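The values are calculated or read from the model by the stated rules, or taken from the named source; none is laboratory data. For clarity, every value in this text was computed on a predicted model and none was experimentally measured. For neighbour counting, all protein chains shown are included, and Cβ atoms are generated from backbone atoms with ideal geometry for every residue, glycine included. Please note that ligands, DNA and RNA were not included when accessible areas were found on the heavy atoms of the full protein model with its side chains. Shrake-Rupley method; radii C 1.70, N 1.55, O 1.52, S 1.80 Å.
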Amino acid sequence: MTAGATNTGGSRSRDRLLPLLLLPVGLIALGPVLRLLLEGIGLGSGLTGAHLTEVLGRDSTRTALAHSLITAGGGTILSIAIGGLFAFLVALTDIRGKAALVFCLMVPMMIPPQITALAWMQVTGPSSVLLKMLGLAPPLGSPQPLYSPGGIILLLGIQHASLVFLTLRAGLRMIPADLVEAARMSGAGALRVWAQIVLPLSMPALLAGGAMAFVTALGNFGIPAMLGIPARYSTLPTLIYQRLVGMGPSVLPEVAVLSLLIGTVAIVGVLVARAVLKRQGHGLAGLSGVPLALSLGRARGPVEIALWSFIAAILALPLLALLATSLIPAYGVPLTWASATLDSWREALLVQPVTRRAYGNSLLLATAAAAILMALCLPLAWLMQRRPSRASRLLDTLVDLPYALPGVVLSIACILAFMNLPFTDLTLYGTLWIILLAYLARFLVVMLRPIQSAIAQLDPAMEEAAASTGARLGRRLRTIVLPLAAPSAAAGAILVFLTAVNELTVSALLWSSGTETLGVVIYNLEDSGETVMASALAMSIVLLIVALMGLVQAGARRFPKGVIPWQS
């Protein structure tokens with residue numbers, strides 16, 4: 001066989017493989033969003049905008065929109081303050097223990113928002129077990145201070161500070177150390193260097209991180225649901241949830257309009273941030289590759305103590321309160337050596353069918369999503385890199401959309417797309433299949449990007465040499481591409497699993513009896529007054545997440561740089 005014949009055969013194989021991958025991936029990832037757009041403009045009722053005008057004109061819609069903007073905007077400002085401070089100190093200074101500090105800062109982002117809210121509710125309020133142990137609990141009957149816009153803003157700010165940190169730290173690493181050294185040799189002090197060089201050059205990354213935090217906060221369901229619904233403070237995600245849960249599928253056209261509204265606000269936020277970035281962007285030339293390490297001198301010790309104290313306040317304190325609540329026999333009972341018990345843990349993990357079923361469903365869905373996406377994304381990323389086409393470039397551009405849109409928007413889109421399957425009498429609504437399809441659409445980009453990054457670094461010469469000896473496409477993918485891209489694929493699979501196993505926002509609108517997930521069960525237990533069991537279940541999930549993060553951290557040296565979000 002000649003090389004030319006081999007290449008022709010390989011090209012034909014790739015030509016057949018491309019549509020086989022692009023079509024299902026495009027349908028799963030973008031089909032529901034397209035269906036939502038059609039519903040929003042009145043598909044099925046003569047393409048009329050009457051219900052669009054009616055829903056947007058209601059007072060409840062305007063109020064929920066205002067509340068969403070207030071809480072997301074306030075949370076974003078707080079995230080920028082926290083994430084920005086940590087990024088500047090970790091990336092630019094000589095503080096010690098950076099890896100441990102970054103790992104701890106990432107934990108709140110990986111913990112589900114409803115667990116974050118539940119943990120903080122155990123820190124404050126008259127029933128706080130921790131405050132009772134310290135004799136600091138407010139009198140019974142006192143209001144829960146977190147049931148307020150301020151409480152929602154506080155937790156949104158803490159939850160999403162990691163997004164600002166990661167984005168800004170990446171931008172700070174691009175600043176040439178030579179530029180800073182030249183300024184210092186010219187007599188500029190540390191504060192002047194930061195204000196006149198570092199801050200202007202890092203502003204695009206700071207704005208990009210702020211935009212990500214705003215979009216994520218806008219679509220956050222767990223925190224506004226746990227803190228806002230008891231205070232009758234509705235945001236757009238909780239309004240959609242309340243309307244759909246209360247009225248059923250008959251209000252789908254209405255919630256579709258609300259979903260489009262929140263999706264539009266999110267996209268406008270991203271576009272505004274991009275426009276600002278374009279105007280304030282700076283071209284950096286002559287990168288030295290040497291990271292900045294400004295000496296803090298005598299201030300290093302106090303700064304390290306302040307940073308770790310803050311980590312203890314936002315991470316250790318709420319989790320300690322959650323653990324304390326999980327060890328009491330009944331809510332309101334003080335925790336002592338005599339009253340401490342593991343009954344709620346035994347009840348949550350071994351006895352209650354709904355919690356055991358939720359563990360099984362969540363682990364099954366997370367494992368299936370990670371395995372299917374790995375099998376799809378390996379050849380897809382290779383084709384997009386080695387054989388780019390107009391269709392693959394279009395998919396590459398739009399594949400971020402299901403992840404960027406708020407989860408509640410994707411849920412409504414999936415209900416519309418899969419409630420009545422075309423040309424059949426079948427429905428996926430109320431089954432595990434619809435949750436799995438929603439996970440595949442949402443987390444596709446989480447798996448695809450690390451693999452794309454790894455394949456882009458591979459030299460195609462090895463594949464060309466194998467092809468010249470007669471190796472077919474499948475063998476080349478199996479023996480060359482797969483082993484070299486496996487670390488990135490494994491890292492992507494772990495990230496998908498970590499994110500999917502505790503997901504709430506998407507599954508909150510898609511579950512039914514028998515298909516509960518862990519996030520749904522925790523929310524329902526707390527909503528029905530089973531706070532102790534909810535705390536035990538939540539604590540078990542936190543331990544699972546931290547163990548998986550530790551496992552990833554232990555193997556971080558095997559992964560390409562940039563694949564693990566918290567890798568320093």
Efficiency of FRET between LEU27 and SER339 - r from beta-carbon atoms, R0 56 angstrom, step 0.05: 0.50
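Pop the C-beta distance of MET133 and ASP94 into the FRET formula with R0 = 25 Å and round what comes out to the nearest 0.05.
Here the calculated transfer efficiency is 0.05.
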With all protein chains modelled, accessible area of PHE497 [1.4 Å, Å²]: 40 Å²
Average accessible area per residue (Å²) across the range 69-124 - probe 1.4 Å, nucleic acids and ligands excluded: 26 Å²
Two-site label geometry, ARG346 and SER148: point separation in nm, points 7 Å out along Cα→Cβ: 4.1 nm
LEU294 long-range amide H proximity, modeled H, under 5 Å: THR93, ASP94
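What ranking of THR238, THR397, THR499 comes out by heavy-atom accessible area, probe 1.4 Å, highest first?
Details: THR238 0, THR397 100, THR499 45 Å².
Order by accessible area, largest first: THR397, THR499, THR238.
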Cα-centre dipole for the range 122-280 with unit charges at Cβ (Lys and Arg positive, Asp and Glu negative), debye to 20: 180 debye
Using θ = phi - 60° and Karplus 6.51 cos²θ - 1.76 cosθ + 1.60, couplings along the range 125-132 (whole Hz; Gly, Pro as x): x, x, 9, 4, 5, 5, 5, 5
Within the accessible area of the chain (1.4 Å probe), percent carbon and sulfur: 66 percent
Relative packing of peptides 175-181, 30-36 - highest average C-beta neighbours within 10 Å first: 30-36, 175-181
Shape of the range 47-197, Cα gyration tensor, a/c cut at 1.5: oblate
Förster radius 56 Å - calculated FRET efficiency between ARG298 and ARG393, Cβ distance, rounded to 0.05: 0.55
Probe 1.4 Å, protein heavy atoms only - accessible area per residue of the range 152-211 in square angstrom: 40 Å²
Under Karplus coefficients 6.51, -1.76 and 1.60, residue-wise ³J(HN,Hα) of the range 184-200 in Hz, glycine/proline x: 5, 5, 7, x, 6, x, 4, 5, 5, 4, 5, 6, 9, 10, 5, 5, x
